[in-house]
Amino acid sequence: MTRIAIIGAGISGLAAASAIEDHARQSGLDLSTLVIEKQERVGGKIWSIKEDGYLCEWGPNGFLDSKPMTLDLCRHLQIEERLLRSDDNARKRYIYADKTLHRLPENGPSFLSSKLISWPGKLRLAGEVLVPKRTDSGDETLAEFGRRRLGKEALDRLISPMVSGIFAGNPETMSLKSCFPRIYELEQEYGGLLKAMVRLARKKRAEVKAGKAVASAAGPGGVLTSFVGGIQELTDAASSSLKGELMNGQQVERIEKIRRIRVASRCWSPD
Ligand SMILES: Cc1cc2nc3c(=O)[nH]c(=O)nc-3n(C[C@H](O)[C@H](O)[C@H](O)COP(=O)(O)OP(=O)(O)OC[C@H]3O[C@@H](n4cnc5c(N)ncnc54)[C@H](O)[C@@H]3O)c2cc1C
């Protein structure tokens, strides 16, 4: 029998274990999985806390429904009917700066009238069309990309707060290619973000006119979606669907070349 060990019972580890088991079932492979998790609970960053009648999210509060793979996983786990799309009224975003809440500008006129970015900052942002495409194929951080294409003010006032909302991460250490591959591709394909926005909007209008696409309310970013009982329903369902073993409260200390995994108190090897 083939045995596969997966380190970490966050959504990545659980989804991987679920996909491996599913593939083995379909191909008739004799295979078993072992998920090793250092914490006592599964879910990793995903943790929905219910207290005094409130549902609070410790980490992520949802996912964008524009990525079919997450919805496929929900279908596979049979929790599709538990999905809860975010309310249109809650779709307004605000950024706190200069002791004021600024509504995140969503179109040209609201961007021009917004006090979130100064006039020099707005001009620098508009100058993005003049910034040449980067030719070095190596990775850069999100902060380097933001400063280079949009200017420091746009990085500090727009990109950093939005990234905190999505990843709770630091743009100075986040890889552009890994965290925002589509943004990297847009620069490579269209030469810049504003050029890409104009070209993609034109393409979408033509497709709608030709009946090939619908003027979707979801837009290119999709709709933030969770579950009736919180985002943890996803990791709970993924972990209960697993046929293999789940080892909680065990930290993997190292992986040795002989393909043996040493867990704090005992050893596990594939043979
Ligand atoms: C505050 C916050 C808000 C966020 N908001 C969103 C959002 O709204 N939408 C969205 O899509 N994303 C959001 N994210 C990002 C999202 O939460 C993560 O991308 C995702 O949960 C990562 O899942 P993962 O399984 O890759 O990693 P994790 O969830 O970190 O899971 C890794 C697991 O591995 C375990 N582990 C690590 N090392 C070992 C070891 N040596 N031995 C055994 N076990 C180990 C850890 O204990 C953990 O359980 C947010 C993140 C944060 C922090």
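Nothing in this text is a laboratory measurement; each read-out follows from the coordinates by a stated rule. No experiment lies behind these values; they were computed from the predicted model shown. Positions of Cβ are generated from backbone atoms using ideal geometry, with glycine treated the same way; all protein chains shown enter the neighbour counts.
Annotations for the structure displayed:
- Sparse-neighbourhood loop sites, trypsin sites (Lys or Arg not before Pro) in segment 141-219 - DSSP loop, at most 14 other Cβ within 10 angstrom: Lys212
- For Arg3, residues with placed amide H under 5 Å, excluding near neighbours: Ser32
- Surrounding net charge for Lys209, when Lys and Arg each add one and Asp and Glu each subtract one, Cβ distance under 12 Å: +4
- Table column - 3J(HN,Hα) (Hz), segment 11-23, Karplus curve with 6.51, -1.76, 1.60, x for Gly and Pro: 5, 5, x, 5, 5, 5, 4, 5, 5, 5, 4, 5, 4
- Choice from Gly229, Gly138, Gly62 with maximal GNM fluctuation in the chain (Cα, 10 Å cutoff): Gly138
- Total formal charge among the other residues, if their Cβ is under 14 angstrom from that of Ser118, Lys/Arg +1 and Asp/Glu -1: +2
- Antiparallel content of DSSP bridges confined to the chain, in %, to 5: 65
- A cut-off under 12 angstrom between Cβ atoms defines the neighbours of Ser226, and their net charge, with Lys, Arg +1 and Asp, Glu -1, is -2.
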